[in-house]
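Enquirer: Structure in structure tokens, see below.
We did not get these values from a lab; they are worked out from the coordinates using the rules stated. Please read all numbers here as calculations on a predicted model, not as lab measurements. Don't worry about glycine lacking a Cβ; one is built from the backbone with ideal geometry, like all the others, and counts go over all protein chains shown.
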Amino acid sequence: IPITILYQVMVEYRSLPPTGKQEATEAEELSMLSFGGSVDDAVKYGALASLYDHHAKYVMEICSVRGRRYKFDLMDATLSDGRVPHLEIPGDPPFVKSLCVTVTEHPFQDSLTRLSLTLDGNLRRGKNLDGLPRMHVYARKLEECFLIWLKPTSVLALPSRQSLLVNSELAGNVFVNGRYMTTWGEDSKIGTHVKALFGMDLHSIPVWHGRIVDYDLLKKEYANLWQEILIDARLIGLNLANILLYRLIYGKNADDGYDDEDPDVNNDCLESQVMSSTKYDPVGICAKALATRFSLEFGKSSFPCLQHEVESVKRFLGHRLPVVVPSRLISVLRRGGYFDLKRTHDELWFFLDSNHRPANTPAQNELLQNACRLLESFTDEPVLPAHIIFVKLDEDPDPEKHNNLCRYHDELKQFYLNETLMTSTPFWVAHAISQAHPEGDLERKFLMQTVGTQ
């Protein structure tokens, strides 16, 4: 039966030029050994899986620019000077074999170090194999390292040609050129415990010895991936913006149903970080696209807020429907046009000069004067018609029901009165002003003295 090659890899990198010193040669040997301790997980899994095949071949050969050839396998052996190297692994699992190297000469070829990996040899005699897992364990781990074997649901972004992995079970998985590298939020080397809601397959990320070396660049590329997807008209039918919105709100897809334990949505996530940041999304493309999707999903009158803000939204923005969402979505929607409660309220009432005007007819002046006379005996400082401005609120069809009749601006000392009151009586104008007056009990005093006379 011919030898079976279960796994092969070729790596090239530049080495230091030869110095001719014996110390440098020994240092190079030791550096080759240290490389064995950082071999990619997929290489290790492939080596361990091949131990079950008597006809498997798995050898690592390194040709350095110093003219030496280093040959690794997983059997106990010695260095060229007789020393026995060992791979230090906590707990010493029975299925882990010691690393060895043999050194031979080879001709110079350019200035690149070339690595090629295969495996051969049997297990060392006397090795306790009771703890060796079944064949499928490492075979499955090896399959999980390559995207081509997983066959996920992916979306290709243009023009970068990088892919978004939609499957929930691949959330956070980072692939580079189809090769698994790490899981975002579970890798201590990243320095963050924030999870990601989708997986990704990138090709513009530098990798060194199976590790991503620039995670900040990864975040930039991931943000760019989402920007290309959300503005691509070809992908509208996939409804990716809606999938992203639901995962941000509920931690799962809309059709996933109810579980005994719902996902924790109070923690931040990678998508929220890159979409709410001017560093990774300078223009706010993702935020604006997500805000548009939120409006279509929950209605134009919806207002995203936290749980403790619901009553305040009902009080100050009665015409808006409060929708409780996690803070990780709020931070994105703030960039997309959904501002906080105070700014939304102030823009509605105070900031749009085109919607403001003073009383400009004799009937309107008389209405305000009569309303101010009704209030003059209840306030320390009189309310003057000059302090009252009419406001046009087109987005609220029923201001009386929503308590959108009057507001008071503390700094300008002005009352902003809904123009729908222009056709009402002085009593109702005075009542609306008493509700918004900074003296908190003015409405109670006014009603107690006047309600019986009206």
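Enquirer: Name the residues whose placed amide hydrogens come within less than 5 Å of the amide hydrogen of F198, ignoring near sequence neighbours (fewer than 5 apart) on the same chain.
Expert: G172
Enquirer: Also, quick follow-up: Taking segment 219-278, which chymotrypsin sites (Phe, Trp or Tyr not before Pro) meet the DSSP loop condition and have no more than 14 other C-beta atoms within 10 Å? Can you show the working numbers first?
Expert: Details: sites: Y222, W226, Y246, Y250, Y258; in loops: Y258.
Sites meeting the loop and neighbour criteria: Y258.
Enquirer: How about segment 172-206: which trypsin sites (Lys or Arg not before Pro) there are in a DSSP loop, with at most 10 other Cβ atoms within 10 Å of their Cβ?
Expert: Within segment 172-206, the qualifying trypsin sites (Lys or Arg not before Pro) (loop, at most 10 other Cβ atoms within 10 Å) are K189.
Enquirer: Taking amide hydrogens as modeled 1.01 Å from N in the peptide plane, which residues meet the under 5 Å criterion relative to V176, leaving out close sequence neighbours?
Expert: Result for V176 returns M181, L202.
Enquirer: A follow-up question, please. List every residue whose amide H lies under 5 Å from the amide H of L393, counting only residues 5 or more places away in sequence or on a different chain, with H placed 1.01 Å from N in the peptide plane.
Expert: HN-HN under 5 Å from L393: E419.
Enquirer: Roughly how many Å is it from the Cα centre of segment 186-264 to that of segment 338-371, as a whole number?
Expert: 45 Å
Enquirer: In the neighborhood of E309, defined by Cβ-to-Cβ distances under 15 Å, what is the net charge if each Lys or Arg adds +1 and each Asp or Glu adds -1?
Expert: For residues surrounding E309, the net value is +4.
Enquirer: To continue, here is another question. What list of ³J(HN,Hα) couplings, whole Hz, do you get for segment 392-399 from phi and the Karplus terms 6.51, -1.76, 1.60, once you set θ to phi - 60° and write x for glycine and proline?
Expert: Running phi through 6.51 cos²θ - 1.76 cosθ + 1.60 with θ = phi - 60° gives 9, 10, 5, 7, 10, x, 9, x Hz.
Enquirer: In sequence order, what are the phi-derived ³J(HN,Hα) couplings for segment 336-350 according to the Karplus relation 6.51 cos²θ - 1.76 cosθ + 1.60 with θ = phi - 60°, rounded to whole Hz, with x for glycine and proline?
Expert: So the Karplus estimates, Gly and Pro as x, are x, x, 8, 7, 5, 4, 5, 5, 4, 5, 5, 5, 5, 9, 10 Hz.
Enquirer: Give me a comma-separated list of calculated 3J(HN,Hα) values for segment 227-242, in order, Karplus coefficients 6.51, -1.76, 1.60 applied at θ = phi - 60°, integers in Hz, x for any Gly or Pro.
Expert: 4, 5, 6, 6, 9, 8, 5, 5, 9, 4, x, 7, 6, 5, 4, 5
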